[in-house]
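S.K.: The structure is given below, and queries will be raised subsequently.
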Amino acid sequence: PTTLADEVFLPARGGSLQAEMLAGARRHGAVATQIPGTLDAVLREVAAGHVVAVMQNLGLSFAPRWHYAVVVGYELDAGEVLLRSGSTQRDRMLMRTFEHTWARSGFWAFVALPPGQWPLTAQETAVVEAAVGFERSATPAQALRTYGSAVQRWPGNLTLAIGLGNAAYASGDKRRAAEVFRAAAERHDSAAAWVNLATVLLELGEHDAAITAAQRAVNDVAWGAQAREVLAQATRRP
């Protein structure tokens, strides 16, 4: 994250957009996850050994000077946070000043970690967004670690479950993909999961099971056409 802050800061534009900051983390092979916009969340992450990238406005509301920094430490007794910012390796800022400049960005902050690890304070919605965003540029193995760890933490999330199944499939483990899709389909009665399950079962040569799964989604508005196609293929078996 310290090199990341240098890479994406664009003085000519008054700072880079948040989307570019997140994309920069992904280019470095990290999963970038937004954390709650509270000082407590920042301090908890730092205490856990995670540096936190934040966006600040060091100017005024009518003359903003956008700036990215990385919170690398804090001293509660002194009421200060320690920042890595641009060429400054260790800058001290009063917590009240930090919160004031940070507030002008809407308290925007994120933590970048290797695939399979998540911020201590991460919330479910933010993790889903981070996993889906990371998957676009990740290898199948990286996506598998990312979704696998996320599903362990939020086992009831359908998007994460389907992401895990897709990652297992992309990794070549069709049997695991089928298991994940079946669990998601039965738990959520999801047409998307039923179709994915039917597709994988068909490829595994389990035609009867594929037919049963596809039939669960044939009347779905969004997935019905794909379910009927899988059903047709399964019934045409030699």
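The values are calculated or read from the model by the stated rules, or taken from the named source; none is laboratory data. Only a predicted model underlies this, so the values are computations on that prediction, with no experimental measurement involved. No Cβ is skipped: glycine too gets one built from the backbone with ideal geometry, and neighbour counts run over all protein chains shown.
S.K.: Failed condition for V111, given (1) assigned by TED's automatic domain parsing to the domain that holds M55; (2) free of Cβ contacts under 8 Å to residues at least 24 places away in the same chain, with all others met?
M.R.: Evaluating V111 over (1) assigned by TED's automatic domain parsing to the domain that holds M55; (2) free of Cβ contacts under 8 Å to residues at least 24 places away in the same chain leaves (2) as the failure.
S.K.: Further question: Given the structure, is G106 closer than 29 Å to A69 by Cα, out of contact with any helix residue (DSSP H, G or I) (no Cβ under 9 Å at 6 or more places or on another chain) and touching a residue at least 60 places away in the same chain (Cβ under 8 Å)?
M.R.: Values: closer than 29 Å to A69 by Cα: yes; out of contact with any helix residue (DSSP H, G or I) (no Cβ under 9 Å at 6 or more places or on another chain): yes; touching a residue at least 60 places away in the same chain (Cβ under 8 Å): yes.
So G106 passes the test.
S.K.: Select from the range 83-124 the residues that are of a type in the set (F, W, Y) and in a loop (DSSP other than H, G, I, E, B) and write down the one among them that is farthest from A143 (Cα to Cα).
M.R.: The first filter runs over the range 83-124 and keeps only residues of a type in the set (F, W, Y), leaving 98, 102, 107-108, 110, 118.
Adding the requirement that they be in a loop (DSSP other than H, G, I, E, B) leaves 107-108, 118.
Working: F107: 28, W108: 25, W118: 13 Å.
Among those residues, the one meeting the criterion is F107.
S.K.: Which of the numbered conditions does G49 fail, given that it passes all the others? Conditions: (1) under 20 Å from G106 (Cα atoms); (2) modelled with pLDDT of 95 or more.
M.R.: It fails just one condition, (1).
S.K.: Out of all the residues in the range 113-137, which are of a type outside the set (A, V, I, L, M) and buried (at least 18 other Cβ atoms within 10 Å of the Cβ)?
M.R.: In the first step, residues of the range 113-137 are kept if they are of a type outside the set (A, V, I, L, M); the result is 114-119, 121, 123-125, 129, 133-137.
If the condition is that a residue be of a type outside the set (A, V, I, L, M) and buried (at least 18 other Cβ atoms within 10 Å of the Cβ), then P115, W118, P119, T121, G133, F134, E135 are the ones that fit.
S.K.: Would you list the helices (runs of 4 or more DSSP H) that sit entirely within the range 128-207 and hold 2 or more residues that are in contact with a Ser or Thr (Cβ under 7 Å, 6 or more places away or on another chain) and touching a residue at least 12 places away in the same chain (Cβ under 8 Å)?
M.R.: It comes to 140-153.
S.K.: Residues to consider are W223, W194; find the one that is aromatic (F, W, Y) and surrounded by fewer than 23 Cβ atoms within 10 Å (Cβ to Cβ).
M.R.: W223 is the lone residue from the list that is aromatic (F, W, Y) and surrounded by fewer than 23 Cβ atoms within 10 Å (Cβ to Cβ).
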